[in-house]
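Undergrad: Got a structure for you, questions after.
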Amino acid sequence: MELKEKIEENIQKNNGEALDIENRMLSSINSLIEESGLSISEIKETKKMPDFASILSMLEFDRLSYIVLQRIGSHHVHGTWPSLMFHYLEKNDNGTYSPRDHDCEPHVNQFIYLPLLVIEALKDFTTYIMSEENEGKVLHEFLDSIKEKILDIDQYIIDEDMKD
């Protein structure tokens, strides 16, 4: 709805003249509105899903978790300057930049924190679907043992990072 309003605003600024791309975008948006079976006001009044930062906060993760899990990781999706500099460009001797080869290895955190989140999600899911307490308990113990091993690796990495 925000994009629709922005496009309509731009058309008004252009004395009511719409660009072809604006017409196509409005047509697409209006088609989606029509298919929803809702009016524009009903759509605007519909309760929205919380953003990821709010979800993490509700799950009692701190702000640093959001920064590390989402903000930094999204650099690659959005093509930010830090992502370009760290992973895709190399500075030449003359001060110009050239594309890098694919020589960047995944960061170790990708192998630590995401699996920890998946383990917690699996535990929550199995608690929800399993009716027999023993089945769930055995699975949770197994998942907790994997979590412990991952946390051991994480602690080793942290210890290495903290060395002088």
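Undergrad: Using the reciprocal of the averaged 1/r over all distinct C-alpha pairs, how large is the Kirkwood radius of region 2-45 in Å?
TA: Numbers: mean 1/r = 0.0904 Å⁻¹.
The Cα-based Kirkwood calculation yields 11.1 Å.
Undergrad: What ranking, highest mean first, results for peptides 101-110, 75-84 when packing means the other Cβ atoms within 10 Å averaged over each residue?
TA: Those peptides, ordered most packed to least, come out 75-84, 101-110.
Undergrad: Which option, [x] 8, 18, 22, 24, 18, 9, 2; [y] 10, 32, 26, 21, 10, 2; [z] 10, 29, 32, 18, 9, 1, 0, 0, is the value of P(r) over Cα pairs in 10 Å bins from 0, in percent that was calculated from these coordinates?
TA: [x]
Undergrad: Checking the cross-link filter: which lysines have an alpha carbon closer than 30 Å to that of Lys4, excluding same-chain neighbours under 8 positions apart?
TA: Lys13, Lys44, Lys47, Lys48
Undergrad: Right, next: Compute the Rg/Rh shape ratio of region 52-99: radius of gyration over Kirkwood radius, all on alpha-carbon atoms. Could you put the intermediate results ahead of the total?
TA: On the way: Rg = 15.4 Å, Rh = 12.5 Å.
Rounded to two decimals, Rg/Rh equals 1.24.
Undergrad: How big is region 108-161 in terms of Cα radius of gyration and Dmax, in angstroms?
TA: 13.1, 44
Undergrad: Can you compute the helix-only [θ] at 222 nm over the chain? Use -39500 (n - 2.57) per DSSP H run of at least 4 residues, normalise by all residues, nearest 500 deg cm²/dmol. List each step's numbers first, then the result.
TA: Details: 8 runs with 96 residues, N = 164.
The helix contribution divided over the chain gives -18000 deg cm²/dmol.
Undergrad: Treating only the Cβ atoms of Lys and Arg (+1) and Asp and Glu (-1) as charged, compute the dipole magnitude of the chain about its Cα centre; round to the nearest 20 debye.
TA: On the way: 16 positive and 33 negative charges, 100 e Å.
The calculation lands at about 480 debye.
Undergrad: Moving to a separate point now. Report the one residue of Met25, Ile11, Leu59 whose Cα lies farthest in the direction of the positive end of the charge dipole of region 2-74 (charges on C-beta: Lys and Arg +1, Asp and Glu -1; origin at the Cα centre).
TA: It is Leu59.
Undergrad: Against the longest principal axis of the chain, how steep is helix 113-129, in degrees 0 to 90 to the nearest 10, with axes from Cα atoms?
TA: The angle comes out at about 90 degrees.
Coordinate-derived values only; no laboratory data. These numbers come from a predicted model, not from an experiment. Positions of Cβ are generated from backbone atoms using ideal geometry, with glycine treated the same way; all protein chains shown enter the neighbour counts.
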